[in-house]
Amino acid sequence: MSDLDIAANLSAVKAAMKSALEEAKRSPEEVKLVAVSKTFSDEEILPAIIEGQKIFGENRIQEARSKWPEIKKSHPDIELHLIGPLQTNKVKDAVELFDVIETVDREKLAQKLSLELQKIKKSIKVFVQVNTGDEPQKAGVAPDEVVTFVQKCIEEYKLPVVGLMCIPPAKEYAAPHFALLHKLAQEADLKEISMGMSADYEMACQLGATQVRVGSEIFGARA
Ligand SMILES: *Cc1c(COP(=O)(O)O)cnc(C)c1O
C-alpha cells in the first residue's frame with residue numbers, strides 16, 4: 001500500500017462515517033476513528049499521521065513497544081489504545097505504553113490495573129470489554145454481569161471507566177450486538193461505546209458507537 005493509498009483510504013473511511021452519521025442524524029464529532037495499526041510498520045503508519053490521524057489501536061503489548069515509543073517521540077499528541085487481551089503480568093507495560101485500555105474484563109485485571117495506576121502519574125482511560133455473543137472462547141464480561149462489574153471497577157478499584165467495547169461473533173450479523181452494547185452502556189451509565197470494524201463501522205456509527213476501530217480499510221489486508 002503506498003502513502004497515497006493510505007491517505008485516500010483514510011479520507012474514504014472518514015467520509016463514509018460522516019454520511020452514515022448524517023443519515024442517523026448524529027453529528028460527525030460524536031464518533032472518533034481509531035486507526036488499527038497492528039501488523040503494520042512505521043512506514044505505513046506515518047502517512048496516516050501526516051494526514052492528521054491521532055488515535056491508533058494495537059492489540060499486542062510487545063508489538064506496540066517495538067513501534068510506538070519511537071513514533072511518539074516526534075508525535076507526542078498521539079493517543080494509543082490497547083484493543084487486545086491483557087494479561088496481568090503485562091499491566092505495568094500496558095500502562096506505560098497506552099493511553100486507553102479497552103479490554104478490561106475480569107476482576108483480577110481490574111485489581112492489578114488499579115495498583116499500577118496508583119504508581120504512575122499518567123491519566124489513562126479504561127473500557128470494559130463485553131462478550132455480547134456469550135462466546136465461551138472469547139474475552140469479555142457476560143452481558144448480564146456488566147453493570148455490576150463496571151460498578152465494582154469504579155467504586156472498589158477507582159478505575160477511570162469511560163465506556164464499553166465489544167467484538168461481535170465473526171459469523172453473525174453485528175447489528176444486534178451493537179444494539180445490546182448500546183443498551184448496556186446506558187444501563188451502566190457510561191458515555192463511550194467502542195464498536196465497529198472495517199466490515200461494519202458505518203452500521204456501528206448508526207447504532208450509537210462513539211468510536212470505531214478500523215484497520216484493513218485504512219492500511220490494507222493483514223498478512
Ligand atoms: C484487528 C482489530 C480491529 C480492526 O479490524 P479490521 O477488520 O481490520 O478493521 C478492530 N478491533 C479489534 C479488537 C481488533 O483486534
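The values are calculated or read from the model by the stated rules, or taken from the named source; none is laboratory data. What you are looking at is a predicted structure, and each value in this text was computed from that prediction instead of being measured. Glycine gets a Cβ as well: all are built from the backbone with ideal geometry, and neighbour counts include every protein chain shown.
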Given (1) closer than 21 Å to I61 by Cα; (2) of a type in the set (D, E); (3) within 16 Å of the ligand (Cβ to nearest atom), E116 misses just (3)
Only one of F98, F149 is buried (at least 16 other Cβ atoms within 10 Å of the Cβ) and over 17 Å from the mean Cα position of the chain (by Cα), namely F149
Log entry, pairs with first residue in segment 202-223 being closer than 23 Å to L181 by Cα, second being part of a helix (DSSP H, G or I) and near the ligand (Cβ under 8 Å from one of its atoms), beta carbons closer than 6 Å, six or more apart or on different chains, reads V212/Y201; V214/Y201
Does A20 count as surrounded by 15 or more Cβ atoms within 10 Å (Cβ to Cβ), more than 26 Å from V95 (Cα to Cα) and either within 16 Å of the ligand (Cβ to nearest atom) or not β-branched (V, I, T) (or both)? yes
Next item on the list: Confirm whether L184 is crowded, with 20+ Cβ neighbours inside 10 Å, within 24 Å of A64 (Cβ to Cβ), of a type outside the set (V, I, T) and in contact (Cβ under 8 Å) with a residue 12 or more places away in the chain.
Entry: no
Test: L180 is modelled with pLDDT of 95 or more, more than 16 Å from the ligand (Cβ to nearest atom) and either of a type in the set (A, V, I, L, M) or in a helix (DSSP H, G or I) (or both) = yes
Across segment 1-28, the tally of residues that are without any contact (Cβ under 8 Å) to a residue 60 or more places away in the chain and not in a helix (DSSP H, G or I) stands at 3
Per the filter on segment 188-223, residues surrounded by fewer than 22 Cβ atoms within 10 Å (Cβ to Cβ), assigned to a helix (DSSP H, G or I) and either at pLDDT below 95 or within 9 Å of the ligand (Cβ to nearest atom) (or both) are S216, E217
* To do: Inspect all residues belonging to segment 167-175 and state whether any of them is buried (at least 20 other Cβ atoms within 10 Å of the Cβ), small (G, A, S) and over 21 Å from L82 (Cβ atoms).
  => yes
Q. What about A142, is it closer than 15 Å to D105 by Cα, at pLDDT 95 or above, loosely packed, with under 13 Cβ neighbours inside 10 Å and of a type in the set (A, V, I, L, M, F, W, C)?
A. yes
